[in-house]
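Comments concern the structure below.
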């Protein structure tokens, strides 16, 4: 007897096996275990707008509004003056770029390093206590 | 019984009874997916619990863009990635060079005349499915056991659609080779 299957029958057999692969029964219901683990976790906080969020939003809106109002009501002479000063400042930066850039970079690096000092001190203290 | 959407809304507000009903409904499928990939009952059970605990903590972030069931599959898959560090890599390494797909024919192989033979073959193939590589087992499980579409699998696993198709194509090719080996062996020893 020829046991070989045609490619179509092979496909059919494979599809059949894929569709009929049995689902394993759960050894036991895990709902109780999950719920007991969940009880130790605080309930998820639903998304809510708090009063603080509202106050912050109002403050920001007032600040932005005040800036917009001021800019629109400045005397033209003052606007020209501001523009001139801005151009001068920009040129100053360009002229001093050669030393300004390294100083700012090192300054930033020093600042970030300084931020780690309290943590490192705490670690050192813990290490000594142990 | 209350529908899933209502249960979800209640669970999102912190109702643990509603969440327990959701756990009841989905645990079997999550467990089976984990079991298929990990091939270890205890680990699969542990992972299933972990999936629901994570789902509970992340529930406020669930916006309903996908089905809840698909969202759970995503969580369990991410947990599987943690347990099997090579799984994600093996999925992305599949590429998307598939030229054609195996046609999804109706499983009409099981006719009465060949009942016994087909049952034996089916059992052999079930065994072969369980012995596929972990990445193929994951894809096969998502496609056939959990009945996700190619697109849903691609979105869920964050893979290109072509990669998903390639993976399933190669999995079936492996099964076909296993079938041929089985056929040759049974031909030699009738």
Legend entry - Every residue from segment A:71-100 that is surrounded by 10 or more Cβ atoms within 10 Å (Cβ to Cβ) and at pLDDT below 90: A:71, A:74, A:79
Legend entry - Members of segment B:5-25 that are more than 7 Å from every other protein chain (Cβ to nearest Cβ), surrounded by fewer than 16 Cβ atoms within 10 Å (Cβ to Cβ) and assigned to a helix (DSSP H, G or I): B:5, B:6, B:9, B:17, B:25
Legend entry - Pick from segment B:162-188, criterion farther than 18 Å from residue B:128 by Cβ and in contact (Cβ under 8 Å) with a residue 24 or more places away in the chain, ranking: farthest from the chain's Cα centre (by Cα): B:162
Inset, instruction - Determine whether segment B:3-24 contains at least one residue that is free of Cβ contacts under 8 Å to residues at least 40 places away in the same chain and under 15 Å from the mean Cα position of the chain (by Cα). - result: no
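Each row is one residue, and each column tells you yes or no for (1) facing another protein chain (nearest Cβ under 7 Å); (2) at pLDDT 85 or above; (3) assigned to a loop (DSSP other than H, G, I, E, B).
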position: B:49; (1), (2), (3): yes, yes, no
position: B:53; (1), (2), (3): yes, yes, no
position: B:58; (1), (2), (3): no, yes, no
position: B:71; (1), (2), (3): no, yes, no
position: B:78; (1), (2), (3): no, yes, no
position: B:82; (1), (2), (3): no, yes, no
position: B:91; (1), (2), (3): no, yes, no
position: B:97; (1), (2), (3): no, no, yes
position: B:105; (1), (2), (3): yes, no, yes
Inset, instruction - Give me a count of the residues in segment B:26-47 that are within 10 Å of another protein chain (Cβ to nearest Cβ) and more than 15 Å from residue B:77 (Cβ to Cβ). - result: 6
Legend entry - segment B:60-69 - residue that is touching a residue at least 60 places away in the same chain (Cβ under 8 Å) and part of a helix (DSSP H, G or I) and, of those, surrounded by the fewest Cβ atoms within 10 Å (Cβ to Cβ): B:69
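Condition check ((1) facing chain B (nearest Cβ under 7 Å); (2) at pLDDT 85 or above; (3) within 26 Å of residue B:39 (Cβ to Cβ); (4) in contact with a strand residue (DSSP E or B) (Cβ under 8 Å, 6 or more places away or on another chain)) across all residues:
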position	(1), (2), (3), (4)
A:3	yes, no, no, no
A:6	no, no, no, no
A:15	yes, yes, yes, no
A:20	yes, yes, yes, no
A:23	yes, no, yes, no
A:31	yes, yes, yes, no
A:35	yes, yes, no, no
Legend entry - Hey, residue A:103 part of a helix (DSSP H, G or I) and either at the interface with another protein chain (Cβ under 8 Å from one of its Cβ atoms) or at pLDDT 85 or above (or both) or not: yes
Legend entry - Residue within segment A:45-61 that is surrounded by 10 or more Cβ atoms within 10 Å (Cβ to Cβ), outside any helix (DSSP H, G or I), at the interface with chain B (Cβ under 9 Å from one of its Cβ atoms) and modelled with pLDDT under 90 present: yes
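The values are calculated or read from the model by the stated rules, or taken from the named source; none is laboratory data. Since we're looking at a predicted model, the values are computed, not measured. Reconstructed Cβ throughout: ideal geometry from the backbone, glycine too, with neighbour counts over all protein chains shown.
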